[in-house]
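J.: The structure that follows is given in the form of structure tokens.
The values are calculated or read from the model by the stated rules, or taken from the named source; none is laboratory data. Note that the structure is predicted; figures quoted are calculated from it, not measured. No Cβ is skipped: glycine too gets one built from the backbone with ideal geometry, and neighbour counts run over all protein chains shown.
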């Protein structure tokens, strides 16, 4: 029986919707939404880290650029399919 992600509805063996709550981090294997890899992998500046902690709209700068860099880093590393 084919499993389906309860958060983004992707089928087993396929990639989650980007940033799905069930997506695994390709760097550490933990849940992507709660692992601590992004600041380390992207080597965020103190100003960028402040922006992540202070702002909530990731469609505006500076979060938009940080999110795009994180997406690229995840794709370059190889995102983890749902299993």
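Quick grid of which residues meet (1) closer than 30 Å to residue 3 by Cβ; (2) part of a helix (DSSP H, G or I); (3) out of contact with any strand residue (DSSP E or B) (no Cβ under 9 Å at 6 or more places or on another chain); (4) at pLDDT 95 or above:
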{"residue": "18", "(1), (2), (3), (4)": "yes, no, yes, no"}
{"residue": "51", "(1), (2), (3), (4)": "no, yes, yes, no"}
{"residue": "60", "(1), (2), (3), (4)": "no, no, yes, no"}
{"residue": "70", "(1), (2), (3), (4)": "yes, yes, yes, yes"}
{"residue": "76", "(1), (2), (3), (4)": "yes, yes, yes, yes"}
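J.: Let me ask something else. Output the qualifying pairs, or none if there are none: Cβ atoms under 8 angstrom, residues six or more apart or on different chains, first residue in the stretch 52-64 and at negative phi, second residue exposed (fewer than 10 other Cβ atoms within 10 Å of the Cβ).
T.: 62/47; 63/57
J.: When residues of the stretch 31-49 are filtered for being over 11 Å from the mean Cα position of the chain (by Cα) and either part of a loop (DSSP other than H, G, I, E, B) or surrounded by fewer than 15 Cβ atoms within 10 Å (Cβ to Cβ) (or both), how many remain? Reasoning before the result, please.
T.: First pass over the stretch 31-49, keeping only residues over 11 Å from the mean Cα position of the chain (by Cα): 39-49.
Pick out the ones that are also either part of a loop (DSSP other than H, G, I, E, B) or surrounded by fewer than 15 Cβ atoms within 10 Å (Cβ to Cβ) (or both) and you get 39-40, 43-47, 49.
Total satisfying the criteria: 8.
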